[in-house]
């Protein structure tokens, strides 16, 4: 059975909803973004410093031993919270985890990954809303892509392109450990999607899980704050088509979006 789950995604991908759905399952503990990749990176430095080796002494056994210590430390850190919640699997949702998926896959060999996609226009529209709100100062990962761009939609589209490309590459590298999710499918058929996720993770699907999601207490933290005031899954954020003006992108960027849309089963840009 899966011991850990990671939701891999970008910012404004609808991952907070997916976290809530998973957290509602009686076996899954899904807290807000913990940025566990930072913990893993720091622990790797610590354990390597405590047991330094010359370059020619660093072999597979040494790396495996370090990874095992890291996993034991992280699992031990989270164990009291799983016990308190009477759950057996923890789930991490951080928008930067996709950048460290190879490290996480090595440290947690029994972990599985949910690659969450969202079609480009909807993600861009959501990003524009954030940039025009009082949440603009939060770290979303957009900054490098917005720098020097007269049109925010161009930078946000580059962010989407980079994220979608990284998620697809992860699916290719770890085909047996990855399940693709699309936010649109979650919104339209949350029960069906969650039943598939449970099969993928070796969990029993609980009837009524979707109906309980907004009546179940969840820890608050980084993520979409609007979900705290939501009582049902909303479809208004799907197929918006107001996020991108094609003329603002240019033919080359629009073509790259359409190619990734084709791979993900989305319609091309208008």
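Brief remarks follow.
- Here residue 102 clears all of (1) within 20 Å of the chain's Cα centre (by Cα); (2) exposed (fewer than 15 other Cβ atoms within 10 Å of the Cβ); (3) outside any helix (DSSP H, G or I) except the condition numbered (3).
- Selected residue (criterion: farthest from residue 37 (Cα to Cα)) from residues of region 56-93 that are out of contact with any helix residue (DSSP H, G or I) (no Cβ under 7 Å at 6 or more places or on another chain) and not in a helix (DSSP H, G or I): 86
- Residue match in region 1-21 (condition: over 26 Å from residue 226 (Cβ atoms), under 21 Å from the mean Cα position of the chain (by Cα) and outside any loop (DSSP other than H, G, I, E, B)): yes
- On the stretch given as region 230-246, residues that are loosely packed, with under 15 Cβ neighbours inside 10 Å and either at pLDDT 70 or above or within 22 Å of residue 194 (Cα to Cα) (or both) total 7.
- The listed residue being over 23 Å from residue 222 (Cβ atoms), touching a helix residue (DSSP H, G or I) at 6+ places or on another chain (Cβ under 8 Å) and not in a helix (DSSP H, G or I), out of 53, 44: 53
- Taking each residue of region 141-156 that is touching a residue at least 60 places away in the same chain (Cβ under 8 Å) and at positive phi and looking for partners that are surrounded by fewer than 18 Cβ atoms within 10 Å (Cβ to Cβ) and assigned to a loop (DSSP other than H, G, I, E, B) with beta-carbon atoms closer than 8 Å, six or more apart or interchain, yields 141/96.
- In region 12-35, the condition of being without any contact (Cβ under 8 Å) to a residue 60 or more places away in the chain and surrounded by fewer than 21 Cβ atoms within 10 Å (Cβ to Cβ) is met by no residue.
- Taking the listed residues 161, 168, the one that is over 16 Å from residue 265 (Cβ atoms) and either assigned to a helix (DSSP H, G or I) or more than 17 Å from the chain's Cα centre (by Cα) (or both) is 161, with no other qualifying.
- Those residues of region 187-204 which are part of a helix (DSSP H, G or I), surrounded by 18 or more Cβ atoms within 10 Å (Cβ to Cβ) and touching a strand residue (DSSP E or B) at 6+ places or on another chain (Cβ under 8 Å), in sequence order: 193, 197, 201
- Only one entry in 58, 66 is surrounded by fewer than 15 Cβ atoms within 10 Å (Cβ to Cβ), more than 29 Å from residue 258 (Cα to Cα) and over 21 Å from the mean Cα position of the chain (by Cα), namely 58.
- Within region 86-99, the set of residues being within 19 Å of residue 21 (Cα to Cα) and either surrounded by 16 or more Cβ atoms within 10 Å (Cβ to Cβ) or within 21 Å of the chain's Cα centre (by Cα) (or both) comprises 87, 88, 89, 90, 91, 92, 93, 94, 95.
- Flag for residue 141 being part of a loop (DSSP other than H, G, I, E, B), out of contact with any strand residue (DSSP E or B) (no Cβ under 6 Å at 6 or more places or on another chain) and surrounded by fewer than 20 Cβ atoms within 10 Å (Cβ to Cβ): yes
The values are calculated or read from the model by the stated rules, or taken from the named source; none is laboratory data. These numbers were taken from a predicted model, which means no experiment stands behind them. FYI the Cβ positions are ideal-geometry reconstructions off the backbone, even for glycines, and counts take in every protein chain you see.
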